[in-house]
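All remarks here apply to the structure that follows.
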Amino acid sequence: MRLLYFAWVKEKVGHAAEEVEVPGDVATVAELIAWLKTRGPEFAHAFERAEVIRAAVDQTHARHDAKIGDAREIAFFPPVTGG
Amino acid sequence: MRLLYFAWVKEKVGHAAEEVEVPGDVATVAELIAWLKTRGPEFAHAFERAEVIRAAVDQTHARHDAKIGDAREIAFFPPVTGG
Amino acid sequence: MIRIQTQDFDVGAEIAALRSGRTDVGAVVSFTGTVRDQAGQEMGDVTEMTLEHYPGMTETELERIEAEANKRWPLQASLIVHRVGTLKPGNNIVLVVTASAHRDAAFDAARFLMDYLKTHAPFWKRESGPSGDKWVEAKESDEAAATRWSRNNAAE
Amino acid sequence: MIRIQTQDFDVGAEIAALRSGRTDVGAVVSFTGTVRDQAGQEMGDVTEMTLEHYPGMTETELERIEAEANKRWPLQASLIVHRVGTLKPGNNIVLVVTASAHRDAAFDAARFLMDYLKTHAPFWKRESGPSGDKWVEAKESDEAAATRWSRNNAAE
């Protein structure tokens, strides 16, 4: 699965993209975040306030309780500020 | 007193402007319209449906019950259709 | 600023002039009204439109409407340009531009200016088509649109 | 039509292109968002702004928002242009243009597009000033603005 990070999530994680093997028991966006936080202090820091972080599953906005299924690409980012 | 006519009011009256001596007992816009209607068939025709005609007293929108006082210029026209 | 003119206007140039040299503007809204060939009149396609107005009162009324918008919203700049004379389908009729730090003020003010201009500024349109000429009738929906801004200090 | 680009856009040329050859348009509304030097951040004047986005999702999201606007209002044409990269105060950021036979549809659709773009399109702004860089925080007022369009078939 491909993970993408944007804006300050990217800065805190330290990179913009990576390929990961997600454990089979990770079923939702929230569970994916919980698993990511165990992958090192930079992830724990980036996802510390998980409630403010938004996610997109295969380039569509997704809530934290959304199933990740067999998604190819999941992105994490702060609330958008364009326009 | 100077009277001005615009759009189809002007076309029906047959001219755009005139100077008139208004009788002393004509106190309101409605009374002025009533007096104008006595001035000839073109006026009777133009002001036939008096309720749809709008007026401006000294270049300010005025209701039919507005006093004309010592106005210098009174205009009559259909509802505006600019923009 | 308000202008009444027979010549065309350049929307882009007007917006650029309004913003020129400013770095405090965050939002610019423009409204351009144009001559439609199908104006919904029963007489068919419009080939020409003539705009008549009341010189003197028109300027006064537009300035009053613009001042009212500036009283209601924190605008950094505003512009109303209205053409008079004879126009063709596709031609520009009216331009309203508002600039503000924030988009809500710019949107609200532009719409307010158009709603009030439509119901208060002394312009009259006459449409010409294959079957003759016809003065455009005022729309009740325009009156209704203007009343949505009504309040004690409304520009009525 | 939607476009994401680093280069500037010309508001007048974009509006002209959208109207080009049409005589059925009666109302064109444009919204231009620009970089303000005082963005209300505590760190003082903004000297530079950098726009990051999510290539792929941005296009999909803008197309979805534009399609939703076209479903809700009878638009004859619409355009969203959003810049990315590094911008200076006074520079253009975003342009929305809507064309319709009637002004209410053009105004509503333009505002809807901006409200949804602000809350749904994956762009992020970072401001630079004398005391450093800072990611712009999302405003609750933008969320509130987007909810005013909510309904069963909303673009949520």
Please specify each residue of segment A:17-61 satisfying the condition of being out of contact with any Ser or Thr (no Cβ under 7 Å at 6 or more places or on another chain), surrounded by 19 or more Cβ atoms within 10 Å (Cβ to Cβ) and outside any helix (DSSP H, G or I). A:PHE47, A:ILE53, A:ARG54, A:ALA55, A:ALA56, A:VAL57
Can you find a residue that is under 26 Å from C:ALA13 (Cα atoms), in contact with a strand residue (DSSP E or B) (Cβ under 8 Å, 6 or more places away or on another chain), at pLDDT 95 or above and within 14 Å of chain C (Cβ to nearest Cβ) anywhere in segment D:58-75? no
Of those in segment B:58-83 that are among the hydrophobic types (A, V, I, L, M, F, W, C) and closer than 27 Å to C:VAL96 by Cβ, the residue farthest from the other protein chains (Cβ to nearest Cβ) is B:ALA62
If we ask which residues in segment D:3-27 are touching a helix residue (DSSP H, G or I) at 6+ places or on another chain (Cβ under 9 Å), farther than 13 Å from C:VAL11 by Cα and in a loop (DSSP other than H, G, I, E, B), their number turns out to be 2
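Table: residues versus (1) farther than 12 Å from B:ALA75 by Cα; (2) without any contact (Cβ under 8 Å) to a residue 12 or more places away in the chain; (3) away from chain C (no Cβ under 13 Å).
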residue: B:TYR5; (1), (2), (3): no, no, no
residue: B:GLY14; (1), (2), (3): yes, no, yes
residue: B:GLY24; (1), (2), (3): yes, yes, yes
residue: B:VAL29; (1), (2), (3): no, no, yes
residue: B:ILE33; (1), (2), (3): no, no, yes
residue: B:THR38; (1), (2), (3): yes, yes, yes
residue: B:HIS45; (1), (2), (3): yes, no, yes
Please verify whether C:ILE80 is assigned to a strand (DSSP E or B), of a type in the set (A, V, I, L, M) and surrounded by fewer than 19 Cβ atoms within 10 Å (Cβ to Cβ), treating the condition exactly as stated. no
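Here is a yes/no grid of residues against (1) among the charged types (D, E, K, R); (2) at negative phi:
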{"position": "C:ALA27", "(1), (2)": "no, yes"}
{"position": "C:GLY56", "(1), (2)": "no, no"}
{"position": "C:ILE80", "(1), (2)": "no, yes"}
{"position": "C:ARG83", "(1), (2)": "yes, yes"}
{"position": "C:VAL97", "(1), (2)": "no, yes"}
How many of the residues making up segment D:99-156 are more than 8 Å from chain A (Cβ to nearest Cβ), surrounded by 15 or more Cβ atoms within 10 Å (Cβ to Cβ), aliphatic (A, V, I, L, M) and part of a helix (DSSP H, G or I)? 7
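The values are calculated or read from the model by the stated rules, or taken from the named source; none is laboratory data. Model, not experiment: these values are computed from the prediction. We place every Cβ from the backbone using ideal geometry, glycine too, and count neighbours over all the protein chains shown.
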